[in-house]
Amino acid sequence: ALRSETAVFTEAYAALNEINRRIDGRMMAVNLVSASFFRVARVNPIMGRALSAAEDDRAGGNPVLVLSAKGWQRRFNRDPNVIGRTVLVTGAPYEIVGVMPEGFRGLEVSAPDFWAPLARLVDFVADVRGKDRVGIEIIGRLKPGLSVESARAQLAAWDSNQSATVDRTMSIALVPRRGTVPQPLEAIAVFTPLFLAFGLILLIGCANVANLLLARGVARQREIGIRLSIGASRR
């Protein structure tokens with residue numbers, strides 16, 4: 001609805017991140033995303049393909065998955081023939097259709113082992129079956145030249161129209177994402193003094209230990225001299 005009914009984003013995707021499930025008997029991490037995720041990220045797979053419209057936004061989309069470089073290494077030992085293979089997710093067969101490049105992790109701090117269609121949510125989170133709502137994250141790229149204030153105004157207008165027909169307890173907020181960590185850059189300025197203070201305390205502690213060792217060495221000069229004079233080795 002955000003894509004089709006507003007003019008705020010060039011593209012947007014929905015996601016449910018950090019789900020751990022046994023895949024072929026081995027615990028792996030998965031992020032569930034709509035197919036537009038890879039278009040928003042502007043990253044192409046190094047093998048196979050990304051998710052397509054057939055796997056996007058419709059309940060019961062195709063059971064496929066796209067491996068991260070980490071998942072490709074961990075689970076398949078970088079097998080070049082991995083495309084087309086099938087793995088079992090809670091008993092359901094999923095086909096591997098792509099492998100993403102080394103270092104790509106989306107907007108998360110750590111890459112999952114693979115990405116799967118959000119439309120297959122019930123295969124990964126069984127307790128949502130039969131429910132009419134689930135909490136997801138929506139990420140979009142603002143259209144070029146569109147200010148944040150204008151985008152917020154458009155989203156507020158759209159949200160008010162939606163609220164008339166949709167029972168919700170939360171409103172939409174437009175929050176910037178600057179890379180893999182969602183906190184604003186101002187957080188760095190807040191924590192920098194703490195890191196400097198910690199470093200200064202550590203430096204003072206190291207200096208005190210060095211002084212104690214030096215004082216002990218000076219105090220033992222006479223003892224060491226006697227030991228050497230009666231034939232002890234330096235060791």
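The values are calculated or read from the model by the stated rules, or taken from the named source; none is laboratory data. Keep in mind that this is a model prediction, so the values were computed, not measured. Ideal geometry is used to build each Cβ from the backbone, glycine not excepted, and the neighbour counts take in all protein chains shown. When the accessible area is computed, the model is the full protein with side chains, heavy atoms only, and any ligands, DNA or RNA have been set aside. Shrake-Rupley method; radii C 1.70, N 1.55, O 1.52, S 1.80 Å.
Ratio of Rg to Rh for region 1-128: 0.95 [Cα atoms; Kirkwood radius as inverse mean 1/r over pairs].
Label separation (F198 vs E223): 3.8 nm, computed from points 7 Å beyond Cα along the C-beta direction.
Taking the C-alpha atoms only, the angle from helix 148-163 to the longest principal axis of the chain is near 50 degrees. Per-residue ellipticity at 222 nm from helix content only, as computed over the chain with -39500 (n - 2.57) for each DSSP H run of at least four residues, stands at -10500 deg cm²/dmol.
Only protein heavy atoms count here; on that basis, with a 1.4 Å probe, T10 has an accessible area of about 70 Å². Overall, the accessible surface of region 52-152 at a probe of 1.4 angstrom is composed of carbon and sulfur to the extent of 51 percent. Given the options R120, R133, R78, which has the most mean-square fluctuation in a GNM of the chain, springs set between C-alpha atoms less than 10 angstrom apart? Sorting by GNM fluctuation, first place goes to R133. Measuring with a 1.4 angstrom probe and ignoring ligands and nucleic acids, W158 comes out at about 30 Å² accessible. Seen against the Cα atoms of the chain and their longest principal axis, helix 186-219 is set at about 20 degrees.
Computed over protein heavy atoms with a 1.4 Å probe, the accessible surface of the chain works out to 63 Å² per residue. Distance between the 7 Å Cα→Cβ label points at R216 and S52: 7.1 nm. Springs between alpha-carbon pairs under 10 angstrom, Gaussian network model over the chain: which of I136, I201, I224 fluctuates most? Residue with maximal mean-square fluctuation among I136, I201, I224: I224.
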